[in-house]
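Working notes, beginning with the structure itself.
The values are calculated or read from the model by the stated rules, or taken from the named source; none is laboratory data. All values reported here derive from a predicted model rather than from experimental measurement. Every residue, glycine as well, gets a Cβ built from its backbone with ideal geometry; the counts of neighbours run over all protein chains shown. Note: areas computed on protein heavy atoms with side chains; ligands, DNA, RNA excluded. Shrake-Rupley method; radii C 1.70, N 1.55, O 1.52, S 1.80 Å.
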Amino acid sequence: MKKVVKFGGSSLASAEQFLKVGKIIHADKSRKYVVPSAPGKRDKKDTKVTDMLYATYALAEAGKDFSQEMAFIKARYQEIINGLKLDLSLEKEFEKITADFKKKAGENYAASRGEYLNGIVMANYLGYEFIDAAEVIFFDENGDFDAEKTNDVLSERLAKTERAVIPGFYGALPDGTVKTFSRGGSDVTGSIVARAAKVDVYENWTDVSGFMVADPRIIDKPQSIDMITYRELRELSYMGASVLHEDAIFPVRKEGIPINIKNTNAPQDSGTWIVENTCQKSKYVITGIAGKKGFCCVSIDKDMMNAEVGFCRKVLQVFEDNDISIEHMPSGIDTMTVFVHQDEFEEKEQNVLAGIHKAVKPDTVDLESDLALIAVVGRGMRSTRGTAGRIFSALAHGNVNVKMIDQGSSELNIIIGVKNQDFEAAIKAIYTIFVDVQL
């Protein structure tokens, strides 16, 4: 058996955390490839190394002195090196990084150095080979991830390497310039390495024991999720669940490699398994609840709209022309409602309204702002009658007015629209009816 193990920033924030990680890796010989993030916060008042690098580079780009800020970053790594009692110096690396900052090497390069340096420390600590991600992970001329070239090159490299550390978060453009994924991109790197190495399991170690049914900031001590499918995870991640970067599932999904979310501080916990599919029933009818605030809706009314060929396409074209993405689009016989991000829409609202009037000549166009969307997701909903009815009942009992409900044809998720002010109350009501009542 082979495993890729990725450790998040909180798991590598200090020498003490590194020691925990070392014990985890050495406890299982199948943990052959390690993907580290940059050091995270040691406590609530601390600053992540990546944020320190962004701030330091901003000074460099402005032509200001950044020597003190760079010294602080150097001290973070030296503290880890000293704590691990390693015979390692990063002096030459910091000299090069300082010189590159002065040459304005770019924000992507600056941000990536946290993972790069932590990868060197991790490889030295474990006695593993260090592979610079810029040599094996590629982006094309447009800055898009080049999955096939990466897989070919990385597979060949790993086939010759028994054990290796590959830093997360970045790769390189065709000219060698460093390019990063979006924040949290080390999860994606772990998935890419897992695919290339053809491993059996991708373990993603963080500071929580897997996914919870709902946000612990809203629900006190929510129940955990033992197993979740890729599709369920996509729905929840898109609507705000943030334990794993939402793009991290694509490389492993192609190969059917399961992901196991584990807790560095509680390695004995089984965590959450993310799989292609499963015949195992979830503990509850629903798998999870997630949501976001900050939406508005545009409702277009026109008599006999259903008989007008191309009506919806013309409306959607107006939003596309204004570069506004659409979240949901429930409709009736004479009504069509479009949900969009409020901050995207507000500055272009008059252009959109004018465009809609010109395109389809509606009877009325109504706007409603300050809305939230909540996704109730679960493979168990397909085989359970009355799920939508239970949701309505729970929300009515919680005095929450439903602005929209939209169920996908896959019966995997139900999207509910409520006012921003009712967001937390709605999630609590849904959690109570599906989880607390069942316990």
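Does the stretch 1-23 hold any residues that are of a type outside the set (Gly, Ala, Ser) and open to solvent by 10 Å² or more (accessible area, probe 1.4 Å), and which are they?
MET1, LYS2, LYS3, LYS6, GLU16, GLN17, LEU19, LYS20, LYS23, listed by residue number.
For the stretch 327-351, enumerate the residues that are open to solvent by less than 60 Å² (accessible area, probe 1.4 Å), without any contact (Cβ under 8 Å) to a residue 60 or more places away in the chain and not basic (Lys, Arg).
GLU327, GLY332, ASP334, THR335, MET336, VAL338, VAL340, HIS341, GLN342, PHE345, GLU349
Only residues that are within 21 Å of ILE259 (Cα to Cα) and outside any helix (DSSP H, G or I): list them for the stretch 13-37, please.
Of everything in the stretch 13-37, those that are within 21 Å of ILE259 (Cα to Cα) and outside any helix (DSSP H, G or I) turn out to be ALA27, ASP28, LYS29, SER30, ARG31, LYS32, TYR33, VAL34, VAL35, PRO36, SER37.
Restricting to the stretch 300-326, give me the number of residues that are outside any loop (DSSP other than H, G, I, E, B) and surrounded by fewer than 18 Cβ atoms within 10 Å (Cβ to Cβ).
11
In the stretch 235-277, how many are open to solvent by 10 Å² or more (accessible area, probe 1.4 Å), among the aliphatic types (A, V, I, L, M) and in a loop (DSSP other than H, G, I, E, B)?
Residues meeting the conditions: 3.
Within the stretch 137-155, work out how many residues are assigned to a helix (DSSP H, G or I) and over 16 Å from VAL199 (Cβ atoms).
Selection size over the stretch 137-155: 5.
List the number of the failed condition for VAL400; all other conditions in (1) open to solvent by 50 Å² or more (accessible area, probe 1.4 Å); (2) in a loop (DSSP other than H, G, I, E, B) hold.
Checking VAL400 against (1) open to solvent by 50 Å² or more (accessible area, probe 1.4 Å); (2) in a loop (DSSP other than H, G, I, E, B), the one that fails is (1).
Say we look at the stretch 116-149 and pick out the residues that are polar (S, T, N, Q) and within 23 Å of the chain's Cα centre (by Cα); which of these is least open to solvent (accessible area, probe 1.4 Å)?
ASN118
Rundown of residues vs (1) of a type in the set (D, E, K, R); (2) free of Cβ contacts under 8 Å to residues at least 40 places away in the same chain; (3) open to solvent by 50 Å² or more (accessible area, probe 1.4 Å), yes/no style:
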site: PRO39; (1), (2), (3): no, no, no
site: LYS44; (1), (2), (3): yes, yes, yes
site: THR56; (1), (2), (3): no, no, no
site: ASP65; (1), (2), (3): yes, yes, yes
site: GLU69; (1), (2), (3): yes, yes, yes
site: GLU79; (1), (2), (3): yes, no, yes
site: LYS85; (1), (2), (3): yes, yes, yes
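If we keep just the residues of the stretch 157-180 that are part of a loop (DSSP other than H, G, I, E, B) and buried (at least 24 other Cβ atoms within 10 Å of the Cβ), which is nearest to the chain's Cα centre (by Cα)?
Only one residue fits best here, namely PHE169.
Under 6 Å by Cβ, and 6 or more places apart or on different chains, what pairs join a residue from the stretch 133-162 that is in contact (Cβ under 8 Å) with a residue 12 or more places away in the chain and over 21 Å from SER112 (Cα atoms) with one that is surrounded by 12 or more Cβ atoms within 10 Å (Cβ to Cβ) and of a type in the set (D, E, K, R)?
Correct list of pairs: THR161/GLU129.
Out of the stretch 1-39, which residues are among the basic types (Lys, Arg), more than 17 Å from the chain's Cα centre (by Cα) and within 18 Å of ASP187 (Cβ to Cβ)?
LYS3, ARG31 - these are the residues of the stretch 1-39 that are among the basic types (Lys, Arg), more than 17 Å from the chain's Cα centre (by Cα) and within 18 Å of ASP187 (Cβ to Cβ).
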